Structure formats: structure tokens, C-alpha cells
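The values are calculated or read from the model by the stated rules, or taken from the named source; none is laboratory data. All values reported here derive from a predicted model rather than from experimental measurement. Virtual Cβ from ideal backbone geometry, glycine too; neighbours counted across all protein chains shown.
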Amino acid sequence: MAVVIDDLGDSVTFAKELLKLDFPVTMAILPFRPHSSDVDALAARHGAQVLLHQPMQPQGYPGVNPGRGALTVGMSPERIQAALDENLAQTPNASGVNNHMGSRFTEDTAGMAVVLEHLAEKNLFFLDSLTTHKSGVPAAAAKTGSEYRRRYVFLDNTRDVRTILRQLKTTEALALKTGQALAIGHPYPETLEALRAFAASRDKRLTMVRAGDMSPERLRTAASGSD
């Protein structure tokens, strides 16, 4: 089972608290945040896995803004590659990339094929946060011969400690039943408290791993979740 915390880069203190947990947490760092590079360096010093949390076009764009450095539908391959490179420069210790928002861009198979190919050239993996049930990532992976990982459970669409802990237990049960499961959460105090409670109560048969240690897949999909 793997846990990824998205939207990092605003607080070094929160990242330090994640590092105190007795299991690995993969840190997905937004570009162009006040402490993006600081969190990247901190995670690397402590052996935590880093992802670039790449902004991508959501449904409702431009009213819904994914932030600076975003990939949008219709970008040329060269612009997609340049944006990825600029953002990755802020997380030099990244092992992979996952999408921030992206419920529209990840539906675009052509655009995602460019992303997957470019990341593969850099020996980086892609984690599909699955913000849409119509994700084009499986088709792009099949087209390019690429592998990817995917999100199974969102932890904190409801910011309540007990609800988040139940989501962690749901992820745990899924991992024990099927062999693996990956959950995504956010830097909320409630999520941190639930992670601490999970650390004390998790099933010891469970192996906690980094996102990149999950078995890659090509064509499986999961239910959509929140942007």
C-alpha cells in the first residue's frame, strides 16, 4: 500500500511531520510554490520519494485555474515538453509525476502520450490521480508502450479525521485483497492526524511502500474522484 500527499510546497513544517510517520509517504510537490525546492530537498535528505505534482487543465477551465506551469489541451508537443522540464527543474529529486487537477487534460490521449513519452525518456514514471473516469492515460500508455501507476482511493474529499481514517482502512483492505492499492491525500491537519492514527492501528501484514514501488499497469482504470 502506498500513500501520496499532494499539493506540497507551501509548508516545510508539514512535510517534516509526514517524515515522522513510521511508514513512507510519497510527497507530490507543486511547482512555483514558496517552498517547492525546500520540500524537495528535505524529502531527498530523508529518503522520501518525490513526485512533481504537475498542474493540468481541469473541467471548467479557465474559470477553474490549475496554477502556473499548467498543461492545457491544444498545447504543442514542444510546449508540453518545455513546461514539464521547467517544472521538473524545481523538483530535481523527483522520481515521477502525477497530475494536479487535470480532469480535462488527462482525457486527451494525444497530450498524455506526449507526457508519457517525455517522462520515459527521463526515466520518470507517471501516476494517474484519476480525476476523471474518462482518463486517456490507459490509451496513451498502450499507444506509447509506457507503464503508469494509478490512484485507487482519495482520502480526504471530506475533511474529517474519522472519515479519512476509514478511507485509509478501505485502502488497506483493498491492498490485502487484491495485492496493492494507492491512496492520495492532501496537506490538511485532519489528514495528518488520521495518518498518525493509521500508523498505530494498521494491519501488520500490510507492506507500506512508495508510489514508485507499486506494480505498474497499462489498461486498468478506477472510479473517478475529486480534482
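Residues are listed down the side, and each one gets a yes or a no for (1) over 28 Å from ALA181 (Cα atoms); (2) modelled with pLDDT of 95 or more; (3) not polar (S, T, N, Q):
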{"position": "LYS16", "(1), (2), (3)": "no, yes, yes"}
{"position": "LEU19", "(1), (2), (3)": "no, yes, yes"}
{"position": "VAL25", "(1), (2), (3)": "no, yes, yes"}
{"position": "ALA28", "(1), (2), (3)": "no, yes, yes"}
{"position": "SER37", "(1), (2), (3)": "yes, yes, no"}
{"position": "ALA43", "(1), (2), (3)": "no, yes, yes"}
{"position": "HIS53", "(1), (2), (3)": "no, yes, yes"}
{"position": "VAL73", "(1), (2), (3)": "yes, yes, yes"}
{"position": "PHE125", "(1), (2), (3)": "no, yes, yes"}
Selection over the stretch 159-192 where residues are under 18 Å from the mean Cα position of the chain (by Cα) and in a loop (DSSP other than H, G, I, E, B) yields a count of 5
When the stretch 83-94 is checked residue by residue, the ones that are under 27 Å from LYS134 (Cα atoms) and surrounded by fewer than 18 Cβ atoms within 10 Å (Cβ to Cβ) are ASP85
Going through the stretch 139-158 in order, the residues found to be outside any loop (DSSP other than H, G, I, E, B) and farther than 14 Å from GLY185 by Cα are ALA139, ALA140, ALA141, ALA142, LYS143, THR144, TYR148, ARG149
The condition of being in contact with a helix residue (DSSP H, G or I) (Cβ under 9 Å, 6 or more places away or on another chain), on the phi < 0 side of the Ramachandran plot and at pLDDT 95 or above holds, among ALA141, ALA211, ALA175, only for ALA141
The residue that is farthest from LYS20 (Cα to Cα), considering only those in the stretch 178-210 that are among the small types (Gly, Ala, Ser) and in contact (Cβ under 8 Å) with a residue 40 or more places away in the chain, is ALA181
